[in-house]
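Reviewing the structure listed below.
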């Protein structure tokens, strides 16, 4: 609830400012809702939050089914699985799925990460059992027709790659050269495999990674007993839980020349941090606070930004237009932190030098840290408030730490000191960076 609206409501009722402050403080101290977790009779873990809202949010996370689990031969198969969501299954045709899902007034979606595939649906509670049938079918028994793979999926792959933002392409290239295999596998199917992903490849990947130990069922809006019964309807084979192998960070460079007048640059360094290890949690939060201090983009319309990277590039480039933000990617075993830069081709060299100088000379003040803590706390609490993000975050935390609730992380933010974040900044400054660039590279210096 907005504190401004809360204050206005109490002021309009004639209460004193002290009463307003007390009321606001009382609302602030309310504990966020807590998820319940358990394991169903069939062996699937589930996570639920009961609330009276009219919308039920259903989600299934398949751990280990992301692009990092692909091999050279089947690279792109997780991309194909994401695009296959809503196509033919064992019991429903493509037309039947589309028609019925639309009639229920909902949408069936699939999100792909390097480590997971996440299927989700937001639906009115009066119809969520009907909607679950289609969600479950797409998770448990996709059964694609030959023409769907050759036509629909291949065409969609080409379109997504053609329309890819140059900065996204730079970030994908950064991870590819930094991790090579595993996390280096792109979220997008490589061009050599477009049209080569077969039904057998999809079936083999599905049978390997879609098992009871890898799947977590999540529900926001239903009670635990109902969640348990629903989890038991996912009839998946038994199997071992995915144990991902940490990907080693390598220093490298990628350069993709285009006829653009601008250049998009991404550079970063990797830190081995285990999210499952409580001893690394302080370093994880410190890195996140560091990324906020470096700058996460402009937060005020037509503003110039107050992040350290923005200040450094503005001093170096003057009136030359540019865009810069911190780069922050968090995975199960590693964290990548660095910078994203967009600028004119003529000023690319100066922009990179200014960003690196800012990082290497960065000094964290108490004021910087307090501002970053406020932003981080807002980020976490907004995630809690937003039903879909809350469920996704809860499932991720449950998989990585065994606890789906975020209160511990919010509390940890307040325990971080200036020395913790300064140590993270110094680790970053001493690291070797990988760099990728896309666009007019005439003035982009080589990494060495």
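Quick look at the numbers
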{"item": "Count - residues of region 284-310 that are at positive phi and surrounded by fewer than 17 Cβ atoms within 10 Å (Cβ to Cβ)", "result": "2"}
{"item": "Some residue of region 76-84 being under 26 Å from the mean Cα position of the chain (by Cα), over 29 Å from residue 394 (Cβ atoms), crowded, with 16+ Cβ neighbours inside 10 Å and not assigned by TED's automatic domain parsing to the domain that holds residue 331", "result": "yes"}
{"item": "Test: residue in region 48-55 that is without any contact (Cβ under 8 Å) to a residue 12 or more places away in the chain, touching a strand residue (DSSP E or B) at 6+ places or on another chain (Cβ under 7 Å) and more than 27 Å from residue 144 (Cα to Cα)", "result": "no"}
{"item": "Test: residue in region 288-295 that is out of contact with any strand residue (DSSP E or B) (no Cβ under 9 Å at 6 or more places or on another chain), touching a residue at least 60 places away in the same chain (Cβ under 8 Å) and within 19 Å of residue 412 (Cβ to Cβ)", "result": "yes"}
{"item": "Filtered residue count, region 120-149, keeping only those that are free of Cβ contacts under 8 Å to residues at least 60 places away in the same chain and under 17 Å from residue 86 (Cβ atoms)", "result": "9"}
{"item": "Condition broken by residue 275, with the remaining ones in (1) under 29 Å from residue 398 (Cα atoms); (2) assigned to a helix (DSSP H, G or I) satisfied", "result": "(2)"}
{"item": "All positions within region 56-88 that are touching a strand residue (DSSP E or B) at 6+ places or on another chain (Cβ under 9 Å) and farther than 20 Å from residue 155 by Cα", "result": "56, 57, 58, 59, 60, 61, 62, 63, 64, 65, 66"}
{"item": "Residue within region 152-162 that is at pLDDT below 95, assigned by TED's automatic domain parsing to the domain that holds residue 78, surrounded by 14 or more Cβ atoms within 10 Å (Cβ to Cβ) and part of a strand (DSSP E or B) present", "result": "no"}
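The values are calculated or read from the model by the stated rules, or taken from the named source; none is laboratory data. Values in this document were obtained by computation on a predicted structure and should not be read as measured data. Because the Cβ atoms are built from the backbone with ideal geometry, glycine has one as well, and the counts that use them run over all protein chains shown.
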